[in-house]
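Novice: Starting off with a structure, shown below.
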Amino acid sequence: MAQSLSGKTVAILATDGVELVELNEPMKALKDAGAVVEIVSLKAGEFQGFDHLTPGDKVTADKAVAAVDASTYSALLLPGGVANPDLLRADEDAVKFVRAFFDAGKPVAAICHAPWLLIEAGVVEGRTMTSFESIRTDLKNAGANVVNEAVVVDQGLVTSRCPDDIPAFNAKMIEEFAEGRHEGQAAA
């Protein structure tokens with residue numbers, strides 16, 4: 001598995017309020033699997049990470065979402081936290097960036113509250129997904145089939161509920177990212 005993502009570049013879209021464990025542990029797994037990882041945010045430079053509701057380490061974004069093209073990436077990771085996806089879903093460039101991965105059939109992994117951004121991008125209808133408990137009604141209202149499982153895979157879309165699910169999330173994320181394009185992802 002150490003080289004399964006060799007030659008692939010993965011974008012991580014995050015901003016202020018990101019849950020650090022949901023950013024750092026999957027990012028480490030991606031790098032350990034051989035991926036090049038770039039953190040994309042609302043602007044290049046530092047933003048505030050969190051350990052649940054407590055401010056934690058600062059994170060440095062490599063690039064601003066308005067200045068990147070999804071076609072240059074193989075896959076997308078969306079970490080959670082409450083404020084992070086809420087801020088991102090209000091940004092037109094972030095929403096377009098996410099939608100572009102689905103339009104191209106590229107794999108996407110989202111954990112915890114990150115599916116809020118997927119709802120805003122209009123890509124959850126008809127999909128089987130999981131998420132943090134408090135946003136499951138939002139997913140159902142957007143047309144997703146919501147289940148309560150540690151990790152769910154639906155045509156290249158990987159979702160998990162919370163930090164406890166990270167080991168299962170990472171394994172499926174790497175598997176789906178290694179597989180690459182999914183025809184069903186683009187068709188959804």
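The values are calculated or read from the model by the stated rules, or taken from the named source; none is laboratory data. Every value quoted in this text rests on a predicted model; they were computed, and no experiment measured them. Every residue, glycine among them, receives a Cβ derived from its backbone with ideal geometry; neighbour counts consider all protein chains shown.
Novice: Tally the residues that are in contact (Cβ under 8 Å) with a residue 60 or more places away in the chain and of a type outside the set (S, T, N, Q), restricting the search to region 32-78. Give the derivation first.
Specialist: So in region 32-78, the residues in contact (Cβ under 8 Å) with a residue 60 or more places away in the chain come out as 33, 35, 72-78.
Still in the running and of a type outside the set (S, T, N, Q): 33, 35, 73, 75-78.
Here the count works out to 7.
Novice: Next up: Identify the residue in region 109-135 that is more than 29 Å from K8 (Cα to Cα) and either modelled with pLDDT under 95 or out of contact with any Lys or Arg (no Cβ under 9 Å at 6 or more places or on another chain) (or both) and, among all such residues, is surrounded by the most Cβ atoms within 10 Å (Cβ to Cβ).
Specialist: So the residue we want is I135.
Novice: Are there any pairs, at least 6 apart or on different chains, whose C-beta atoms fall under 7 Å, with the first in region 166-188 and over 16 Å from T128 (Cβ atoms) and modelled with pLDDT under 85 and the second charged (D, E, K, R) and in a helix (DSSP H, G or I), and if so, which?
Specialist: A186/D103
Novice: Does region 76-86 contain any residue that is over 18 Å from I39 (Cβ atoms) and under 12 Å from the mean Cα position of the chain (by Cα)?
Specialist: There is no residue in region 76-86 that is over 18 Å from I39 (Cβ atoms) and under 12 Å from the mean Cα position of the chain (by Cα).
Novice: Just checking, how many residues over region 132-153 are over 14 Å from the mean Cα position of the chain (by Cα) and either touching a residue at least 40 places away in the same chain (Cβ under 8 Å) or not in a loop (DSSP other than H, G, I, E, B) (or both)? Quick ask: steps written out before the conclusion?
Specialist: Let us first name the residues in region 132-153 that are over 14 Å from the mean Cα position of the chain (by Cα), namely 133-150.
Imposing the further condition that a residue be either touching a residue at least 40 places away in the same chain (Cβ under 8 Å) or not in a loop (DSSP other than H, G, I, E, B) (or both) reduces the set to 133-141, 145-146.
Going through region 132-153 one residue at a time, the tally reaches 11.
Novice: Related question: Residues K96, K106: which one is closer than 18 Å to A70 by Cα, surrounded by 20 or more Cβ atoms within 10 Å (Cβ to Cβ) and among the basic types (K, R)? Explain how you work it out, then say what you get.
Specialist: Working: K96 fails: surrounded by 20 or more Cβ atoms within 10 Å (Cβ to Cβ).
That would be K106, the only listed residue that is closer than 18 Å to A70 by Cα, surrounded by 20 or more Cβ atoms within 10 Å (Cβ to Cβ) and among the basic types (K, R).
Novice: If you take the residues in region 26-53 that are assigned to a strand (DSSP E or B) and acidic (D, E), which one is nearest to K172 (Cα to Cα)? Step through it out loud before you land on a result.
Specialist: Within region 26-53, the subset assigned to a strand (DSSP E or B) is 36-41, 45-51.
With acidic (D, E) added as a condition, the list becomes 38, 46, 51.
On the way: E38: 20, E46: 29, D51: 24 Å.
The selected residue is E38.
Novice: Right, here's the next one. If we scan region 18-31, do we find a residue that is of a type in the set (G, A, S), in contact (Cβ under 8 Å) with a residue 12 or more places away in the chain and surrounded by fewer than 17 Cβ atoms within 10 Å (Cβ to Cβ)?
Specialist: No.
Novice: So is V59 part of a strand (DSSP E or B) and either under 13 Å from the mean Cα position of the chain (by Cα) or surrounded by fewer than 21 Cβ atoms within 10 Å (Cβ to Cβ) (or both) or not? Quick ask: steps written out before the conclusion?
Specialist: Details: part of a strand (DSSP E or B): yes; either under 13 Å from the mean Cα position of the chain (by Cα) or surrounded by fewer than 21 Cβ atoms within 10 Å (Cβ to Cβ) (or both): no.
It is false that V59 is part of a strand (DSSP E or B) and either under 13 Å from the mean Cα position of the chain (by Cα) or surrounded by fewer than 21 Cβ atoms within 10 Å (Cβ to Cβ) (or both).
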